[in-house]
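Here is the structure we will look at.
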Amino acid sequence: MPDLKMIARYPFLRAAADYIRNEQIELEQLLTDALYLPARELGCKRALSAVSAPTKPFELSYNDEIGLLYTLLSYPVARMIISATRDRAAIARYAVAESKNLSALASGEKPENIVEIANDFGIEVQISEKTGRYAIHFTGYLTFTSQFRGSPEWKLAYQDLENGWVHLSKEKFLRILEEALKRKIERELPLPVDASIRSRFQNEISQIREIVEKHKRAFPSREIGALDENAFPPCMKKILEVIRAGENAPHMARFAIVAFLKGLGLDAEQILKLFSTSPDFDPAKSRYQVEHITGKSSHTEYKSPGCATMKSYGLCMAGDDALCGKEWMKHPWVYYRYRKKELKKQKLPSPTTA
């Protein structure tokens, strides 16, 4: 039998699902039985806390066995509630919250337990006998650091690499586990939920939707300096849409939008405001990345990727956009300037006849 305390703290482990199955706790029981009312209440609290403050870790822990069981069951309840919102921003915020909770709990965990969690994610890791550091195979390292390799501290070239294994401090390895859990949750949700689940948790679902909408309203969609967002190419509009929805944009997408906006005249402070909507927004790290890309701290101003590069990274959203289909359309900047001129012509008053 799995350690109940372990799976209550880390309910995303496969052993947690096995435990619930072995205890024969059916979904209908979890949702309706008075015995599981505390688990439902903890699940509601878990979901609401996650969406309200995704970067603030939360710990639901009890010393007795029944309390640990309720804590364990709060996780599937929270996942059902978040799924019922059908809101990608809510899912993104929830995923970040669970990942932050993981690293907060694991910071005091025994190395063998951390290895067990990593293995559950399919991550190859060893504890170095020589240094006591966490050695992850470079393939796993590259997979789970793609989101934040814009910072030099995460570039593979700057790591302690030996025979294909990257040696990391506990802090950096836990950051990788965070990313692994965040991706797992975003991949798995939303779960299919029926009308009875939506009805039972309708108050919590409404509250979560309002929290997300309030967060979105705090960042009006058309305020980007003096730029005309209507003239943005589809790729940049999509990246902005993802960021403003509070979802996590891939690293290359963030790089592209920063360089694109810098090239159109925005400064680092104006660009930085865009990223404050992200559920895992870290002011210091975001500032470093934005100032590095814009040349404020690196003395190298990076150019915005052209259309060919955007396509190679899967970021092209041309679809049936006629302007994107032009043979001479090679760069998002070209799109913006051409489209802006077109929009300006459309706004000009018609000449009066004598």
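The values are calculated or read from the model by the stated rules, or taken from the named source; none is laboratory data. Fair warning: this is a prediction, and the values are worked out from it, not measured in the lab. As a convention, Cβ positions derive from the backbone with ideal geometry for all residues, glycine included, and neighbour counts pool all protein chains shown.
Values for this structure:
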quantity: Residue among I257, I205, I243, I239 that alone is in contact with a Phe, Trp or Tyr (Cβ under 7 Å, 6 or more places away or on another chain), assigned to a helix (DSSP H, G or I) and touching a residue at least 12 places away in the same chain (Cβ under 8 Å); calculated: I243
quantity: Test: K273 is assigned to a loop (DSSP other than H, G, I, E, B), of a type in the set (K, R), surrounded by fewer than 19 Cβ atoms within 10 Å (Cβ to Cβ) and not assigned by TED's automatic domain parsing to the domain that holds R93; calculated: no
quantity: Any chance L343 is assigned to a helix (DSSP H, G or I) and either farther than 22 Å from G265 by Cα or touching a residue at least 60 places away in the same chain (Cβ under 8 Å) (or both); calculated: yes
quantity: Answer from P11, P38, P2 - the residue that is in a loop (DSSP other than H, G, I, E, B) and surrounded by 17 or more Cβ atoms within 10 Å (Cβ to Cβ); calculated: P11
quantity: Search result, residues across the stretch 145-167 that are buried (at least 17 other Cβ atoms within 10 Å of the Cβ), at pLDDT 90 or above and within 26 Å of S297 (Cα to Cα); calculated: Q159
quantity: Search result, residues across the stretch 61-116 that are under 16 Å from R9 (Cβ atoms) and acidic (D, E); calculated: D64, E65, E98, E109, E112, E116
quantity: Number of positions in the stretch 101-136 that are over 20 Å from the mean Cα position of the chain (by Cα) and among the aromatic types (F, W, Y); calculated: 1
quantity: Candidates F173, F201 - the one that is at pLDDT 95 or above, more than 22 Å from D282 (Cα to Cα) and within 25 Å of the chain's Cα centre (by Cα); calculated: F201
quantity: Among (1) aliphatic (A, V, I, L, M); (2) out of contact with any Gly (no Cβ under 8 Å at 6 or more places or on another chain); (3) closer than 22 Å to A97 by Cα - the single one V212 does not satisfy; calculated: (2)
quantity: The lone exception for A78 - which of (1) under 26 Å from F173 (Cα atoms); (2) touching a helix residue (DSSP H, G or I) at 6+ places or on another chain (Cβ under 8 Å); (3) free of Cβ contacts under 8 Å to residues at least 60 places away in the same chain; (4) part of a helix (DSSP H, G or I) it fails; calculated: (1)
quantity: So V77, is it modelled with pLDDT of 95 or more, outside the structural domain of I176 (by TED's automatic domain parsing) and surrounded by 24 or more Cβ atoms within 10 Å (Cβ to Cβ); calculated: yes
quantity: Residue match in the stretch 298-314 (condition: in contact with a helix residue (DSSP H, G or I) (Cβ under 8 Å, 6 or more places away or on another chain), in contact (Cβ under 8 Å) with a residue 24 or more places away in the chain, assigned to a loop (DSSP other than H, G, I, E, B) and among the polar types (S, T, N, Q)); calculated: yes
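Residue by residue, here is whether (1) out of contact with any Cys (no Cβ under 8 Å at 6 or more places or on another chain); (2) closer than 14 Å to Q147 by Cα; (3) among the aromatic types (F, W, Y) holds:
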position: F255; (1), (2), (3): yes, yes, yes
position: V258; (1), (2), (3): yes, no, no
position: K285; (1), (2), (3): yes, yes, no
position: K296; (1), (2), (3): yes, no, no
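Each row is one residue, and each column tells you yes or no for (1) surrounded by fewer than 17 Cβ atoms within 10 Å (Cβ to Cβ); (2) modelled with pLDDT of 80 or more.
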residue	(1), (2)
E247	no, no
P279	no, no
Y288	no, yes
S298	yes, no
